[in-house]
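Q: Here it is, the structure, as C-alpha cells.
The values are calculated or read from the model by the stated rules, or taken from the named source; none is laboratory data. Predicted model, so just to flag it, every value in this text is computed and none were measured. Ideal geometry is used to build each Cβ from the backbone, glycine not excepted, and the neighbour counts take in all protein chains shown.
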C-alpha cells in the first residue's frame, strides 16, 4: 500500500501525458499530489522538504537559463545562416544522409550535450539535420536519438548524484555506466540508419553499429583513463574525427573554408569556454560563487551576446528573436524545471523508499524492473539527475537485497535513465520547437511535419527496445 501511494504522483503524470495534457500541467498535477502525500501519509519527512528545495533552487534556475539561452543561440545561428553553412559543409564531408545522420547522432549532439547538458545538444543537432535536407519529423527524431550520452551531459551531474547516493566515487559510477551504455549507443545507431533512405542495407546497419561502438568505446576509454566528467565530450569528439577520417580515406578532401570557420566561431567559444573554465575550476579547487564561471548557463548567455555581433545579426532580427525566445523559453524551460521539482520533492519527502522496497520484493524480476524504473524516471523528469535523485538510492537497496553488485546495477539504471530522457515530454517539445521556422513552413505531407505525438511515439518504441536489451544485460551479466 505504501508503494502504491508513493507511486501516485508518477501515475497521475503518466495518465495526464497519455491524455495529451500539457507537460507543464501534468508536472504541476504530480507536484500537487506529491505535496498532499508528504503532508499526510509521509509526513515524517515533511520538515526536510523546504530546506531541501532551497538547496535545489540554484539548480532549477540554472536549468531554466540554460534552456532559454540554448534556444536563443539556436535561433541566432539559424537566422544568421550559420546553421545552413555548417549543415551544407557536413553534408559534403559525410557524403549522404546515412553518414550525416550518424555523424550528428553519435558525434555532434553527444559532444554538445556533454559540455552543456539539459537537452542543449538537441538545439545543436536538430537545426543541422533540418538544414541538411531531413524532414522536420525526421530531424526531431534523429536529434533526440543523439541524446545517447546523457549520463555525461553537462559533465555528469546526474552521475555525480548517483555516486553520492550509493556511497561510490563518481569515476566508479562513470565506468559502471559506460559499459552498458554501449548497448544504448549501438541501439540508437541501428535505429538511426533504419529510418534514413538507403539505410536498410547490411552495409548501412553495420555502419550504425560501428559508429555506435566508436562513441561508446571513446566514452569507456576516457572513463577508465581520464575520468568521468569529460568522457562524453571526448567520446563525441572521437566519433566526429573518425567519421571525417573515414571520408578522407575514401577520397573526400576535408577542408575548412572561411565561411565555415566563421560559422563555427560561436560553437568554439561555447565549448572551449566550458571546457577551459571547468578544467580551471577543478585544478584550482575553486568553490562557492566563483565556481559558477564553469556553468553552461554563463557560457551560453555569453555566446549568444557574442554571436549577435560575430554573425552580424541586425537589430530588427534581434528584436524578433527576443520575442520568439521568450515564447519558446516559457513553453520549454518551465516544464523541465517542473519535472525536476517533482523528482526532488519525491526524494525529500521519502516517497522513493517504498517504491524501491516493492521492486526488491519481486526477486529476480527486479533485474529487469531496475532498468525500467530508471528509464521511467528519465522519462518523467527529462533529466538523468532527476531520475537518479528519485531512484538511485532505492536501486542500490534493491541490488543489495538481490545480492548483486550495487555499482553495476546502478550503472545500468543510470544508462537507462539517460536513454529515456530523449523521449521525455520536455525533450520532445524542445526537439520539435528546435526545427527552424523555414523548415516547418516548407514541410508537406510527404515530409511529415514534426508533431509531439508522432515524435514521442517513434522515439519511445526505440527506447523500449533498448531498455529491454539493458534488462537482458542485467540478467546475463549480474
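Q: I'm trying to understand the selection: among the residues of segment 357-393, which are surrounded by fewer than 24 Cβ atoms within 10 Å (Cβ to Cβ) and farther than 15 Å from residue 474 by Cβ?
A: Hits for segment 357-393 are 357, 358, 361, 376, 393.
Q: Taking segment 125-146 only, how many residues are under 11 Å from the mean Cα position of the chain (by Cα) and over 12 Å from residue 101 (Cβ atoms)?
A: Within segment 125-146, residues that are under 11 Å from the mean Cα position of the chain (by Cα) and over 12 Å from residue 101 (Cβ atoms) number 1.
Q: Anything in segment 265-274 that is closer than 18 Å to residue 109 by Cβ and crowded, with 19+ Cβ neighbours inside 10 Å? List them, or say none.
A: Result: 266, 267, 270, 271, 274.
Q: Here is a follow-up. Could you run through segment 147-181 and say how many residues are within 16 Å of the chain's Cα centre (by Cα), under 30 Å from residue 201 (Cβ atoms) and surrounded by fewer than 22 Cβ atoms within 10 Å (Cβ to Cβ)?
A: The total comes to 0.
Q: For the subset of segment 388-408 comprising residues that are part of a helix (DSSP H, G or I) and under 19 Å from residue 179 (Cα atoms), which member is nearest to the chain's Cα centre (by Cα)?
A: In this case the residue turns out to be 388.
Q: Still on this structure: Give segment 331-377 a look and list any residue that's on the phi > 0 side of the Ramachandran plot and touching a helix residue (DSSP H, G or I) at 6+ places or on another chain (Cβ under 7 Å), or say none.
A: Selection gives 350 alone.
Q: Say whether the condition of being at positive phi, part of a loop (DSSP other than H, G, I, E, B) and surrounded by fewer than 17 Cβ atoms within 10 Å (Cβ to Cβ) is met by at least one residue in segment 308-315.
A: Yes: segment 308-315 contains one or more residues that are at positive phi, part of a loop (DSSP other than H, G, I, E, B) and surrounded by fewer than 17 Cβ atoms within 10 Å (Cβ to Cβ).
Q: Could you say whether any residue in segment 24-38 is more than 30 Å from residue 357 (Cβ to Cβ) and out of contact with any strand residue (DSSP E or B) (no Cβ under 8 Å at 6 or more places or on another chain)?
A: Yes: one or more hits.
Q: Output the residue which, of all residues in segment 316-328 that are surrounded by 19 or more Cβ atoms within 10 Å (Cβ to Cβ) and within 16 Å of residue 429 (Cβ to Cβ), is farthest from the chain's Cα centre (by Cα).
A: In this case the residue turns out to be 325.
Q: Looking at (1) under 20 Å from the mean Cα position of the chain (by Cα); (2) at pLDDT 85 or above, which one does residue 381 not meet, given that it meets all the others?
A: Just one mismatch for residue 381, condition (2).
Q: If the requirement is being part of a helix (DSSP H, G or I), within 21 Å of residue 150 (Cα to Cα), out of contact with any strand residue (DSSP E or B) (no Cβ under 8 Å at 6 or more places or on another chain) and at pLDDT below 90, which of these qualifies: 270, 220?
A: So the residue among 270, 220 that is part of a helix (DSSP H, G or I), within 21 Å of residue 150 (Cα to Cα), out of contact with any strand residue (DSSP E or B) (no Cβ under 8 Å at 6 or more places or on another chain) and at pLDDT below 90 is 270.
Q: Testing residue 194 on (1) closer than 20 Å to residue 467 by Cβ; (2) surrounded by fewer than 17 Cβ atoms within 10 Å (Cβ to Cβ); (3) in contact (Cβ under 8 Å) with a residue 24 or more places away in the chain, one condition comes back false. Which one is that?
A: That leaves (3) as the condition not met.
Q: With the requirement that a residue be part of a helix (DSSP H, G or I) and either under 18 Å from residue 308 (Cβ atoms) or without any contact (Cβ under 8 Å) to a residue 60 or more places away in the chain (or both), what does segment 273-285 give you?
A: 273, 276, 277, 279, 280, 281, 282, 283
Residue by residue, here is whether (1) in a helix (DSSP H, G or I); (2) touching a strand residue (DSSP E or B) at 6+ places or on another chain (Cβ under 8 Å); (3) surrounded by 24 or more Cβ atoms within 10 Å (Cβ to Cβ); (4) modelled with pLDDT of 90 or more holds:
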site: 410; (1), (2), (3), (4): yes, no, yes, yes
site: 439; (1), (2), (3), (4): yes, no, no, no
site: 457; (1), (2), (3), (4): yes, no, no, yes
site: 462; (1), (2), (3), (4): yes, no, no, yes
site: 469; (1), (2), (3), (4): yes, no, no, yes
site: 475; (1), (2), (3), (4): yes, no, no, yes
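Q: Another question, if that's okay. Out of all the residues in segment 92-99, is one or more more than 30 Å from residue 205 (Cβ to Cβ) and at pLDDT 80 or above?
A: no
Q: Also, I was wondering about something else. Would you tally the residues in segment 1-29 being modelled with pLDDT of 85 or more and more than 19 Å from residue 428 (Cα to Cα)?
A: Residues in segment 1-29 being modelled with pLDDT of 85 or more and more than 19 Å from residue 428 (Cα to Cα): 9 in total.
Q: Every residue in segment 220-257 that is over 27 Å from residue 176 (Cα atoms) and surrounded by 13 or more Cβ atoms within 10 Å (Cβ to Cβ), please.
A: 244, 246, 247, 252
Q: Moving on. Of the residues 153, 125, 163, which is touching a residue at least 60 places away in the same chain (Cβ under 8 Å), part of a helix (DSSP H, G or I), over 15 Å from residue 463 (Cα atoms) and in contact with a helix residue (DSSP H, G or I) (Cβ under 8 Å, 6 or more places away or on another chain)?
A: It is 153.
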